[in-house]
Amino acid sequence: MNEIEVIRVKPLELPADIVWQISGLHHITLKDFYVYVQEVKGKMYVNKSVPEKDIEKMIEIATFPGRYILDDETEMGQFMEYVYETYGYPAYSTICNCHEYRMKQQDEQRAKEKVQSAIPSIEKMIEAGMIDEYMIYAAYKAGREKKGKTSKNICGFDDVYTYCLGYPVGSGALKEEHSPEDSGNVVDYYYGIIEMLEHIDIQQMPRIYGYLKEMYFAEESEV
């Protein structure tokens with residue numbers, strides 16, 4: 001991910017579009033301007049009065065590859081408290097927003113890479129006739145009927161339910177040579193999943209997958 005470009009300016013030297021963003025969108029007056037990160041363009045506008053050592057630390061935290069930056073017991077968390085007390089909430093929030101944006105970009109890239117790597121296997125399953133469209137539609141329909149929103153509100157529960165149905169398949173719990181047509185175990189396994197979807201906690205999906213995988217392969221070894 002690209003590094004952040006630092007632009008040191010006096011408040012009255014800020015570009016017109018940045019003045020509009022910090023005042024109109026973020027309600028920051030020029031007298032309260034110390035730092036503002038334009039995360040999409042990777043630019044950090046910093047008041048010339050801010051010491052270089054503080055700027056370096058702000059960049060370190062804004063670009064930190066880990067997820068947690070506000071733990072009071074860590075050096076980063078303590079520095080963010082210092083930012084809040086010294087430069088105010090606007091400076092504090094713009095660093096947090098930049099870090100959150102970069103985490104989102106990181107998550108999206110990771111998801112994209114995983115999907116791309118899975119596509120060949122998906123295509124093989126389609127070609128082999130291993131797609132049970134009735135099951136997929138049943139999961140999709142059940143998700144459409146669920147009220148509320150997902151935690152990040154990126155996709156709907158129709159997508160989540162379909163994903164939960166396919167997760168054990170894509171994760172290797174079912175081998176490619178099996179299909180709903182030639183294995184009673186697989187049929188029972190599929191229908192056990194569709195019943196589970198009504199009560200599933202998406203946060204527990206990896207743990208559930210591990211349990212189902214162990215259960216399935218235990219049954220398979222007894223055949």
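Expected output is a single nm value to one decimal: the length gained when fully extending between R144 and L70, i.e. 0.36 nm times separation in residues minus the C-alpha distance. What is it?
23.0 nm
From the Cα gyration tensor of the range 55-174, with a ≥ b ≥ c the square roots of its eigenvalues, which class applies: rounded if a/c is under 1.5, or else prolate if a/b is larger than b/c, or else oblate?
prolate
With a probe of 1.4 Å, find how much accessible area the range 1-58 has per residue, and write the answer as a whole number in Å².
60
Could you name the lysines in cross-link range of K10, using Cα to Cα under 28 Å and dropping any fewer than eight places away on the same chain?
Those lysines meeting the cut-off are K31, K41, K43, K48, K53, K57.
So which trypsin sites (Lys or Arg not before Pro) in the range 49-99 end up in coil per DSSP with only 10 or fewer other C-beta atoms within 10 Å?
The qualifying sites are R67.
Going by the alpha-carbon gyration tensor, a ≥ b ≥ c the square roots of its eigenvalues, is the range 6-70 rounded (a/c under 1.5) or, if a/c is not under 1.5, prolate (a/b greater than b/c) versus oblate?
Verdict is prolate for the range 6-70.
Does the range 1-117 come out rounded, prolate or oblate, given a ≥ b ≥ c as the square roots of the eigenvalues of its C-alpha gyration tensor, rounded meaning a/c under 1.5 and, failing that, prolate meaning a/b above b/c?
It comes out oblate by the Cα gyration axes.
Where in the range 24-100 are there chymotrypsin sites (Phe, Trp or Tyr not before Pro) that are in a DSSP coil and have at most 15 other Cβ atoms within 10 angstrom of their Cβ?
Sparse-neighbourhood loop chymotrypsin sites (Phe, Trp or Tyr not before Pro): Y68.
Roughly speaking, to the nearest percent, how much of the range 1-153's 1.4 Å accessible area is carbon and sulfur?
Looking at the range 1-153 in its full context, I get 53 percent from C and S.
Report, ordered by chain and residue number, the lysines lying within cross-link reach of K124, taken as a straight Cα distance under 25 Å and ignoring same-chain residues fewer than 8 apart.
Candidates past the 8-residue exclusion: K112, K114, K175, K213.
Along Cα→Cβ, 7 Å out, is where each label goes; now give me the distance between the ones at S49 and I119 in nm to one decimal.
Using points 7 Å along Cα→Cβ, the separation is 5.3 nm.
Using 1/(1 + (r/R0)^6) with R0 = 45 angstrom and r between the beta carbons of Q21 and I126, what's the FRET efficiency to the nearest 0.05?
0.45
The values are calculated or read from the model by the stated rules, or taken from the named source; none is laboratory data. Source: prediction; values computed, not measured. Backbone-built Cβ (ideal geometry, glycine too); neighbour counts: all protein chains shown. The area values use the complete protein model at the heavy-atom level, side chains included, leaving out ligands, DNA and RNA. Shrake-Rupley method; radii C 1.70, N 1.55, O 1.52, S 1.80 Å.
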